[in-house]
1. How large is the accessible surface per residue of the protein assembly as shown, computed with a 1.4 Å probe and reported in Å² as a whole number?
2. Can you give the mean number of other chain Cβ atoms that lie within 10 Å of the Cβ atoms in peptide A:148-157?
3. Hydropathy at least -0.5 by Kyte-Doolittle, axial extent at least 30 angstrom from the Cα trace: which helices of chain B, defined as entire DSSP H runs, fit?
4. Can you work out the FRET efficiency for the pair A:ALA37 and A:HIS120, with r the C-beta to C-beta distance and R0 = 22 Å, to the nearest 0.05?
5. For region A:158-173, list whatever residues lose no less than 20 Å² of accessible surface once every protein chain is in place, relative to that chain by itself, with the probe at 1.4 Å.
6. Suppose R0 equals 51 Å. What FRET efficiency, 1/(1 + (r/R0)^6) with r the Cβ-Cβ distance, do A:VAL175 and B:ALA78 give to the nearest 0.05?
7. What's the carbon and sulfur percent of chain A's accessible surface, probe 1.4 angstrom, rounded to a whole number?
8. Provide the solvent-accessible area of A:VAL106, counting protein heavy atoms only and rolling a 1.4 Å probe, rounded to the nearest 10 Å².
There are 2 protein chains.
Amino acid sequence: MPVAKGSTIDPARTRATIVEAATAVLYERGLDGIGVAELCTRIGVSKETLYRHFGTKEGLVEVMLRQRSERVTQWLTAAVEAAGDDPRDQLAAVFDALQLWYDDPVFRGCAMLNAAAQHHVEPVRTITVRHLDGYLELLTGIAEGAGAANPPVLGRQLLMLVEGATVVAAHHDSVGAGEHARQAALILLSAASAASPCG
Amino acid sequence: MPVAKGSTIDPARTRATIVEAATAVLYERGLDGIGVAELCTRIGVSKETLYRHFGTKEGLVEVMLRQRSERVTQWLTAAVEAAGDDPRDQLAAVFDALQLWYDDPVFRGCAMLNAAAQHHVEPVRTITVRHLDGYLELLTGIAEGAGAANPPVLGRQLLMLVEGATVVAAHHDSVGAGEHARQAALILLSAASAASPCG
DNA sequence: CCGAGATCGAACCGATCGGTATGATCAGAC
DNA sequence: GTCTGATCATACCGATCGGTTCGATCTCGG
């Protein structure tokens, strides 16, 4: 049932299916936690096909990490846009979305950070840096919209809250992690937006 | 020159030396980034000796992670105690200490989190959870000392800032990460301690 | 001075790793 | 109907993995 036999119209479809399935399996087991042979079995594709599409295991990993980074960032961006124009609502939407992720039974932390923690290879590290760049841009934008005194710094502090909440949810306790981080974020936003306390 | 030949008085010394050296090498290369053979060469010890002391590679990893977790936590605790009685000074001391760590050329993020990100084995995950427990206890104590309205929640939010700052420093940019996190932490502390804003 | 035991170096083990090659099968284009 | 090429299943490759074994060497306690 997987992928399909023969040249089923579409090599691109095969490639997409591989990336899709590999993303789930590699996220669950860890990049080095499963060999190519077993990975292919789980995906339902032959090694020959996988290597023709991606060259090496590393190649597949990079493609899938890039796609995952893009999707997650777009997902968060969409949540922000759906929250309206109030920066406080936008920020709250970020952490509400994160809590939904934390509650997913398959949640295992940020795939890019997990990858960077083990694969010291340069391409993977670059993907992770770009991924955090995307988050930072989104959060700094909210900080700007709120009229923060120093949007880049506030954006970075919010990034720390996002990543910290994700780490705590993944490795300690996910219950209420998003909510607690959201409360903290809103406090920081308020403090940075008021020219002086109680102004 | 390493460890010493024959039964040099002290098997315990050999064991300690192995843990010490393995900690540095495994932190730099990643737990699965180096084989036992090369690891032994770098340490300057024979495989036979390593396996007699630790049974398996996993056994060595667990011993070294436990030791590292204890040391780091004690180091942070000492920094807090040296900062005096003012909770604000104590909290600032935490992030100042962290920034020193981030500036170390060998800094590669939290070893326990890196390990948990790849080794899905239970013992390693347990060590990581205990590690975060230790941080949380320290930070919640500061929150209590500051008379926070809800010390457990504030402690958790501070934990997120600590871990978030470490992630950002390790995988994005270490410059000023500790300082920015410290500013955010102090804002949260103020907000949680004041019964009402500007009270 | 001799035995116990800690260590070393190196050979060795089976398993698994990432990656390649082969031969057959099957779908679609022409 | 035939050719192209995407796919599969399988076998295979050398390298490396974690782990074991062995003989020699050295230190210390008695």
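The values are calculated or read from the model by the stated rules, or taken from the named source; none is laboratory data. Owing to the predicted nature of the structure, the values given are computational and were not obtained by experimental measurement. Counting neighbours? That spans all protein chains shown, and the Cβs are built from the backbone with ideal geometry, glycine included. Surface areas here come from the heavy atoms of the whole protein model, side chains and all, with no ligands, DNA or RNA. Shrake-Rupley method; radii C 1.70, N 1.55, O 1.52, S 1.80 Å.
1. 45
2. Other-chain Cβ atoms within 10 Å of each residue's Cβ, averaged: 3.
3. Helices passing the filter in chain B: B:57-82, B:122-145.
4. Efficiency, rounded to the nearest 0.05: 0.35.
5. A:LEU159, A:MET160, A:LEU161, A:GLU163, A:GLY164, A:VAL167, A:VAL168, A:HIS171, A:HIS172
6. Calculated value: 0.95.
7. 55
8. It works out to around 90 Å².
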